[in-house]
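Single-structure report; data block below.
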Amino acid sequence: MFPIRTKNRKAISAVLTTIIILVASIVLGTGVVVFSTGLFQSGGSQQAVQVQGVKGWVASNFTAGYSWGAFAVKNTGDKIVSISSITLRGAAVPYTNMYADTNQTQTAANFQSQLISTGINSQGNMQTNTAYNGSTCPAYAYNAVTGLPNEVTISQNGTSDTIPGPYSRVMLCLQQQSGPVALQPGNIAIIYFKNPTGLYGTTDVGITSTISVLAGTAPVAQTVRLGNS
């Protein structure tokens with residue numbers, strides 16, 4: 001009887017070993033497939049932005065502490081990104097203080113341009129190109145409660161009172177925002193923003209300051225020298 005039991009045990013052990021090897025192979029194979037899929041998904045979908053032309057201006061004619069900034073941003077990744085935060089000196093710029101143009105004809109024409117200030121007025125706002133009245137930009141309206149306009153029209157080749165030709169390409173219709181600025185892959189936005197009052201003063205003209213822009217999960221920080229406006 002003992003020899004027979006030994007043979008049965010050997011047979012059962014051989015079967016179990018075979019089953020274990022098969023199961024282990026299946027588990028390892030599945031893990032490799034899942035891991036490879038995860039690598040493909042993470043590597044094939046990225047968030048990336050290019051920020052350039054960063055500018056900053058302080059109103060030197062007023063002591064209230066008015067200042068503005070501007071930059072151009074391009075989505076160089078393959079996912080939609082949102083410009084969700086602009087921060088300077090630890091202070092976040094409210095969405096309603098952001099003015100953006102996402103018209104690709106206008107932003108592409110101005111992406112390499114020198115962003116300009118048309119002058120900060122006594123209300124602390126960037127002056128609009130009044131010469132563009134009747135243009136394709138929405139009608140200018142000032143909100144007395146918030147102290148902010150609904151839009152700012154700017155010519156990158158002139159002042160607040162001139163129209164260079166052809167104005168249809170260089171004009172920027174900067175619309176007041178109420179939330180993050182979304183950008184499709186390859187798209188460009190030009191953003192002007194009003195800093196919180198008092199963040200910079202007249203004595204800050206000429207100093208350097210760091211602006212931090214958060215686009216999706218891609219933070220970008222750049223240093224800008226504050227100019228006079």
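The values are calculated or read from the model by the stated rules, or taken from the named source; none is laboratory data. All figures in this text were calculated on a predicted structure; none of them were measured in a lab. Glycine also receives a Cβ, built like all others from the backbone with ideal geometry; neighbour counts cover every protein chain displayed.
Just checking, does the stretch 90-113 include any residue being more than 15 Å from the chain's Cα centre (by Cα) and part of a strand (DSSP E or B)? Yes, that holds for at least one residue.
Being at pLDDT 95 or above and part of a loop (DSSP other than H, G, I, E, B) narrows it down to one of Gly158, Gly179, Gly165, so name that one. Show your work before the answer.
Values: Gly158 fails: at pLDDT 95 or above; Gly165 fails: at pLDDT 95 or above.
From the options Gly158, Gly179, Gly165, the qualifying one is Gly179.
Among the residues of the stretch 174-198, those that are more than 24 Å from Gln104 (Cβ to Cβ) and buried (at least 19 other Cβ atoms within 10 Å of the Cβ) comprise Lys194, Asn195.
Which one of Thr146, Thr128, Thr118 is in a loop (DSSP other than H, G, I, E, B), within 19 Å of Trp68 (Cα to Cα) and at pLDDT below 85?
Details: Thr146 fails: at pLDDT below 85; Thr118 fails: at pLDDT below 85.
Among Thr146, Thr128, Thr118, only Thr128 is in a loop (DSSP other than H, G, I, E, B), within 19 Å of Trp68 (Cα to Cα) and at pLDDT below 85.
Checking each residue in the stretch 66-79 for being modelled with pLDDT of 95 or more and assigned to a loop (DSSP other than H, G, I, E, B) picks out only Tyr66. Considering only residues in the stretch 189-223 that are touching a Ser or Thr at 6+ places or on another chain (Cβ under 7 Å) and in a loop (DSSP other than H, G, I, E, B), the one that is farthest from Ile83 (Cα to Cα) turns out to be Val205.
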